[in-house]
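Chemist: Okay, here's the structure, questions in a sec.
The values are calculated or read from the model by the stated rules, or taken from the named source; none is laboratory data. It should be emphasised that the depicted structure is a prediction, and the values quoted were computed from it without experimental measurement. Positions of Cβ are generated from backbone atoms using ideal geometry, with glycine treated the same way; all protein chains shown enter the neighbour counts.
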Ligand code: FES
């Protein structure tokens with residue numbers, strides 16, 4: 001690390017030609033006295049605030065705290081907007097725009113006179129997009145997420161978004177709660193500012209930000225409305241000034257060892273399946289290859305410690321009071337690379353040295369984990385030659401080994417049209433299969449993988465079945481759901497040739513997912529099944545269609561990955 005004041009921004013402001021002068025004139029035009037910006041590093045605050053992204057709607061307030069810290073440490077803060085991705089509002093899916101947002105982040109950083117950047121995100125795709133863009137720009141950066149919502153409460157029960165939204169929606173369909181109950185729930189589920197408070201994708205990525213070394217200790221779990229979050233934002237602003245001076249770049253923080261720490265953490269928290277795709281994409285921006293088999297190897301030797309919904313019982317607020325990510329990482333210490341450098345200026349080991357668990361039912365000790373191995377497993381076999389993912393910690397144990405006849409839906413529309421048809425030939429032992437919901441087929445690999453239980457089975461009391469698709473699922477979802485089947489059906493994968501009645505075998509212990517047909521029959525069907533890709537004639541959709549990679553490569557654009 002260098003320590004001098006020859007900041008990158010000097011190239012903008014101290015040039016002999018006219019524009020160096022006009023840039024300083026523009027700063028004065030914004031009311032800044034020259035003494036307030038000369039001889040100081042410029043700190044960007046890259047803000048994914050938007051009122052269309054309810055999880056990030058409070059980030060302008062948090063930016064004020066960051067600015068205070070930047071000024072206190074002798075820097076000059078400039079807040080700037082980037083694209084925001086609101087999980088609830090964007091159609092067809094935010095995942096279709098994650099790479100686009102990352103490009104906006106990367107080029108906003110690269111094109112401007114910034115010596116370091118504070119990344120403000122929160123909702124599911126905003127955090128990975130920020131980290132992807134920052135990795136590509138490779139200007140010193142620190143992550144501050146917006147924090148989780150407060151826990152929701154209803155009729156004596158503690159509820160988490162959106163694990164319990166889905167659970168009660170199922171009960172509504174089954175006739176076990178009324179429309180009035182459902183309306184009442186709507187008013188209590190999102191209780192405060194912040195992102196979803198289960199260990200869904202947003203909470204997962206915030207936690208991985210700490211284990212990657214890109215966020216200060218404690219970032220993940222302080223609730224959005226907790227004063228400690230504003231304090232952490234202030235400290236992050238100060239640290240950004242130090243990073244500008246020391247030139248600690250994302251590529252020096254997010255090393256292969258740091259990614260192993262993040263994968264271990266992902267398994268230990270029973271985190272979102274989406275994080276696999278995001279970690280692969282972030283690493284790819286730095287020329288680091290994260291094969292799916294690495295996720296599986298580390299899963300086998302990493303116990304599940306965090307007792308949060310959807311795999312467990314508690315919510316992010318409880319995680320905070322139990323000690324947060326530092327306490328969890330401290331417990332994982334024997335499995336982590338502790339010497340990784342972090343944006344705090346200390347190693348990961350130093351960051352967590354004094355952390356402690358204050359509730360051993362929320363963060364389980366290594367000697368009494370929730371599960372002896374990690375929450376996620378990677379499957380392969382004739383139905384998923386390049387891999388598929390199951391969150392075994394959120395699955396029904398009796399379904400982890402299962403053979404049953406397929407009930408096939410050609411796409412999401414077909415599913416919605418027929419799933420509740422009384423004449424659908426389906427039993428609790430059937431395997432529900434949905435095609436054409438992958439990166440190309442969706443397009444954008446929407447979170448459609450939690451196929452609903454057919455109404456006639458709901459009425460029989462069935463609440464879980466084996467469900468398979470090339471889609472993703474929300475990190476808040478619960479059930480025996482196989483997703484990310486690769487290659488996807490629209491790209492010629494074997495998922496596309498499954499017919500209703502074909503036997504499918506799932507064996508999670510053996511990591512197998514097979515279409516029980518003779519190899520020659522699979523070959524025959526593949527040869528006669530043309531890939532089905534919806535045509536996108538223009539704009540970003542066309543760029544996406546021509547360049548998106550499959551799930552095992554992080555669904556990034558091929559031209560955005562760095563050379564190894
Ligand atoms: Fe934003 Fe769940 S909707 S994190």
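Chemist: Give 511, 561 a once-over and let me know the one that is surrounded by 15 or more Cβ atoms within 10 Å (Cβ to Cβ) and in contact with a helix residue (DSSP H, G or I) (Cβ under 6 Å, 6 or more places away or on another chain).
Modeler: Exactly one of 511, 561 is surrounded by 15 or more Cβ atoms within 10 Å (Cβ to Cβ) and in contact with a helix residue (DSSP H, G or I) (Cβ under 6 Å, 6 or more places away or on another chain), namely 561.
Chemist: Collect the residues in the stretch 375-386 that are more than 19 Å from the chain's Cα centre (by Cα), buried (at least 23 other Cβ atoms within 10 Å of the Cβ) and over 9 Å from residue 514 (Cα atoms), keeping them in residue-number order.
Modeler: 379
For every residue, the table says whether it meets (1) assigned to a loop (DSSP other than H, G, I, E, B); (2) touching a residue at least 24 places away in the same chain (Cβ under 8 Å); (3) out of contact with any helix residue (DSSP H, G or I) (no Cβ under 8 Å at 6 or more places or on another chain).
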| residue | (1), (2), (3) |
| --- | --- |
| 205 | no, yes, no |
| 210 | no, yes, no |
| 228 | no, no, yes |
| 240 | no, yes, no |
| 248 | yes, yes, yes |
| 270 | yes, yes, no |
| 287 | yes, yes, yes |
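Chemist: Looking at residue 170, is it assigned to a strand (DSSP E or B), more than 25 Å from residue 62 (Cα to Cα) and either at pLDDT 95 or above or within 26 Å of the chain's Cα centre (by Cα) (or both)?
Modeler: No.
Chemist: Then there's this: Can you tell me which residue within the stretch 186-215, out of those that are surrounded by 24 or more Cβ atoms within 10 Å (Cβ to Cβ) and farther than 18 Å from residue 123 by Cα, is farthest from the chain's Cα centre (by Cα)?
Modeler: Among residues in the stretch 186-215 that are surrounded by 24 or more Cβ atoms within 10 Å (Cβ to Cβ) and farther than 18 Å from residue 123 by Cα, the one farthest from the chain's Cα centre (by Cα) is 213.
Chemist: While we're here: Output the number of residues of the stretch 46-60 satisfying the condition of being free of Cβ contacts under 8 Å to residues at least 40 places away in the same chain and either within 16 Å of residue 129 (Cα to Cα) or in contact with a helix residue (DSSP H, G or I) (Cβ under 8 Å, 6 or more places away or on another chain) (or both).
Modeler: 1
Chemist: Among 416, 457, 503, 440, which is the only one that is away from the ligand (no atom under 16 Å from the Cβ) and in contact with a helix residue (DSSP H, G or I) (Cβ under 8 Å, 6 or more places away or on another chain)?
Modeler: Residue meeting the stated conditions: 440.
Chemist: Let me ask something else. Here are 266, 294: which of them is out of contact with any helix residue (DSSP H, G or I) (no Cβ under 6 Å at 6 or more places or on another chain) and within 14 Å of residue 377 (Cβ to Cβ)?
Modeler: 294
Chemist: Among the residues of the stretch 465-473, are any within 16 Å of the ligand (Cβ to nearest atom), in contact (Cβ under 8 Å) with a residue 12 or more places away in the chain and assigned to a loop (DSSP other than H, G, I, E, B)?
Modeler: yes
Listed here are the residues, each with its yes/no results for (1) at pLDDT 95 or above; (2) part of a loop (DSSP other than H, G, I, E, B); (3) out of contact with any strand residue (DSSP E or B) (no Cβ under 6 Å at 6 or more places or on another chain).
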position	(1), (2), (3)
462	yes, yes, yes
482	yes, no, no
486	yes, yes, no
495	yes, no, yes
500	yes, yes, no
504	yes, no, no
513	yes, no, no
520	yes, no, yes
523	yes, no, yes
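Chemist: Next question. Could we say that residue 9 is surrounded by fewer than 19 Cβ atoms within 10 Å (Cβ to Cβ), away from the ligand (no atom under 16 Å from the Cβ) and either farther than 20 Å from residue 122 by Cβ or touching a residue at least 24 places away in the same chain (Cβ under 8 Å) (or both) here?
Modeler: no
Chemist: Among the residues in the stretch 67-82, are any modelled with pLDDT of 95 or more and at positive phi?
Modeler: yes
Chemist: May I ask you to list pairs of residues, at least six apart or on different chains, whose Cβ atoms are under 6 Å apart, with the first in the stretch 146-171 being on the phi > 0 side of the Ramachandran plot and the second being outside any loop (DSSP other than H, G, I, E, B) and more than 15 Å from the ligand (Cβ to nearest atom)?
Modeler: Between residues of the stretch 146-171 that are on the phi > 0 side of the Ramachandran plot and residues that are outside any loop (DSSP other than H, G, I, E, B) and more than 15 Å from the ligand (Cβ to nearest atom), the close pairs are 147/229.
Chemist: Do we have any residue at all in the stretch 57-77 that's within 16 Å of the ligand (Cβ to nearest atom) and assigned to a loop (DSSP other than H, G, I, E, B)?
Modeler: Yes, the stretch 57-77 contains at least one residue that is within 16 Å of the ligand (Cβ to nearest atom) and assigned to a loop (DSSP other than H, G, I, E, B).
Chemist: Same structure, new question: Search the stretch 216-232 for residues being more than 16 Å from the ligand (Cβ to nearest atom) and over 21 Å from the mean Cα position of the chain (by Cα), and hand back the single one that is surrounded by the fewest Cβ atoms within 10 Å (Cβ to Cβ).
Modeler: Per the criteria, the residue is 227.
Chemist: Is it the case that some residue within the stretch 112-130 is away from the ligand (no atom under 16 Å from the Cβ), more than 21 Å from residue 311 (Cβ to Cβ) and surrounded by fewer than 21 Cβ atoms within 10 Å (Cβ to Cβ)?
Modeler: Within the stretch 112-130 (the criterion being away from the ligand (no atom under 16 Å from the Cβ), more than 21 Å from residue 311 (Cβ to Cβ) and surrounded by fewer than 21 Cβ atoms within 10 Å (Cβ to Cβ)), the answer is yes, since at least one residue qualifies.
Chemist: Continuing with this model, one more query. Going through the stretch 303-339 one residue at a time, which ones are buried (at least 24 other Cβ atoms within 10 Å of the Cβ) and closer than 25 Å to residue 247 by Cβ?
Modeler: Hits for the stretch 303-339: nothing passes.
Chemist: Now a separate question. Would you say residue 233 is closer than 20 Å to residue 139 by Cα, touching a strand residue (DSSP E or B) at 6+ places or on another chain (Cβ under 6 Å) and either in contact (Cβ under 8 Å) with a residue 60 or more places away in the chain or in a helix (DSSP H, G or I) (or both)?
Modeler: Taking the combined requirement at face value, the residue satisfies it.
Chemist: Now for a different question. Would you point out the residue of the stretch 46-56, among those that are assigned to a helix (DSSP H, G or I) and more than 18 Å from residue 108 (Cβ to Cβ), that is nearest to the ligand (Cβ to nearest atom)?
Modeler: 55
Chemist: Residue check: is residue 104 part of a loop (DSSP other than H, G, I, E, B), modelled with pLDDT of 95 or more and surrounded by fewer than 24 Cβ atoms within 10 Å (Cβ to Cβ)?
Modeler: It is false that residue 104 is part of a loop (DSSP other than H, G, I, E, B), modelled with pLDDT of 95 or more and surrounded by fewer than 24 Cβ atoms within 10 Å (Cβ to Cβ).
Chemist: Quick check on my filter: what residues within the stretch 140-159 are part of a loop (DSSP other than H, G, I, E, B) and either away from the ligand (no atom under 16 Å from the Cβ) or at pLDDT below 95 (or both)?
Modeler: 140, 155, 156
Chemist: Still on this structure, please answer the following. Looking only at residues in the stretch 32-45 that are touching a helix residue (DSSP H, G or I) at 6+ places or on another chain (Cβ under 6 Å) and closer than 22 Å to residue 103 by Cα, which one is farthest from the ligand (Cβ to nearest atom)?
Modeler: 43
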